[in-house]
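Down below is the structure, laid out as structure tokens.
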Amino acid sequence: MSLDLLPAKLKPIGHYIKTAIEHDKRDPVVAYYCRFYAVKKGIEIDSSSPECKSYLLGLMDYLEKQKQAAPEDSPIKNEVVGQAHVENYALKVFLYADNEDRAGRHNKNVVKSFYTAGMLFDVLSVFDEVSEDIEKNKKYAKWKAAYIHKCLRNGETPISGPLPEDEEEDIPQPSTFSGATAGASPYSSQPPGQPSPPYPSGNQPPPGTQSAPGGAQGWPQTPPQASYQPPPQPSQSAPVPQDTWKPPTNPSGVKLKTEDYQKAQKFCKFATSALQYEDPTTAIDNLTKALKLLTTGKES
């Protein structure tokens, strides 16, 4: 669905649609869930007027066709894997912007990366309630995007990293997760991609900001698309006797449901992402949750 067809009432979802279009080839999974979130928000805004209803139904039909065409093991069909994929991608974009900011390299690339990370953290709400760390980094990313943009517009030098909290102003602070991984950005040694306008024709910068002088810079090179890999196929030379294998009995004698295993899998994936960013606290927390769920059948 084109942005040109977006009804005026649905303008708030325009940035998510634009981000989806930009990721159609770059990362189709991210693009899919950006549109999914846009539909969810669009329905909340207006799903009764003819123009909005027509646009949203078109989006829903587009998403359904994508889902039907996706392989069974795709993150598009498996929301547990999809959530881990989008969160991993969003954190990489956030860490790129955070590293550049802390290094004092302030430009339109950093503004857009912070803003996009904030939007992708929004998208994570389609899966489940977001964690406190994600919520903190979302507020911080959106605030940083507006702050750096304002400084560039006014010819001022932005202050790198988190700003001291002000008694008269509620200044967002990033979670300890981002601070602990400030040097781990996957973009650190990679040059930006081909220059392109940060806001395609017909779209506006982040709300409350104006275009900064000096021209637009390109998107940073996108995060690696290898965060999701299909499961390896069994070796032809060593077939697995499927009819002889039986799942082991739960040592605690607790009978678990399918959704319990899916939740445990989600916790383990979050722990894996945390380890990738050298955050042992988050990894231990999620592994502990998975272990407790598997041994007691309860999350808390």
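The values are calculated or read from the model by the stated rules, or taken from the named source; none is laboratory data. No experiment lies behind these values; they were computed from the predicted model shown. In this analysis, Cβ positions are derived from the backbone assuming ideal geometry, glycine residues included, and neighbour counts consider all displayed protein chains. We work out accessible area using only protein heavy atoms, side chains counted, and drop any ligands, DNA or RNA first. Shrake-Rupley method; radii C 1.70, N 1.55, O 1.52, S 1.80 Å.
A compact table of results
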| read-out | value |
| --- | --- |
| Cα principal axis extents for segment 1-84, largest first, Å | 37, 21, 19 |
| Rounded percent of accessible protein surface that carbon and sulfur make up, segment 104-148, 1.4 Å probe | 45 |
| Among 46-52, 105-111, 59-65, the order from most to least packed when residues are scored by Cβ within 10 Å on average | 105-111, 59-65, 46-52 |
| Cross-link pairs LYS65/LYS150; LYS53/LYS266; LYS18/LYS298; LYS9/LYS269; LYS41/LYS77; LYS40/LYS92 - those with Cα-Cα distance over 32 Å | LYS65/LYS150; LYS53/LYS266; LYS18/LYS298; LYS9/LYS269 |
| Per principal axis, descending, Cα span of segment 41-119 in whole Å | 47, 35, 17 |
| HN-Hα J in Hz across segment 143-160 - Karplus 6.51, -1.76, 1.60, θ = phi - 60°, x for Gly and Pro | 5, 4, 4, 5, 5, 5, 4, 5, 5, 4, 5, 8, x, 9, 8, x, 7, 6 |
| Per-pair calculated FRET efficiency, R0 = 41 Å: ASP4 and LEU275 via Cβ, rounded to 0.05 | 0.40 |
| ASP73 paired with GLU44, simple spin-label distance in nm, labels 7 Å along Cα-to-beta-carbon | 3.5 |
| ³J(HN,Hα) computed for each position of segment 77-84 - Karplus, 6.51 cos²θ - 1.76 cosθ + 1.60, integer Hz, glycine/proline x | 8, 9, 5, 5, 5, x, 4, 5 |
| Rounded accessible area per residue of segment 1-146, 1.4 Å, Å² | 40 |
| Mean-position separation - Cα centroids, segment 46-103 and segment 125-152, in angstrom | 17 |
| At most 12 other Cβ within 10 Å, DSSP loop - trypsin sites (Lys or Arg not before Pro), segment 1-57 | LYS25 |
| Phi to ³J(HN,Hα) by Karplus 6.51 cos²θ - 1.76 cosθ + 1.60 over segment 15-22, Hz, x for Gly, Pro | 5, 6, 5, 4, 5, 5, 4, 5 |
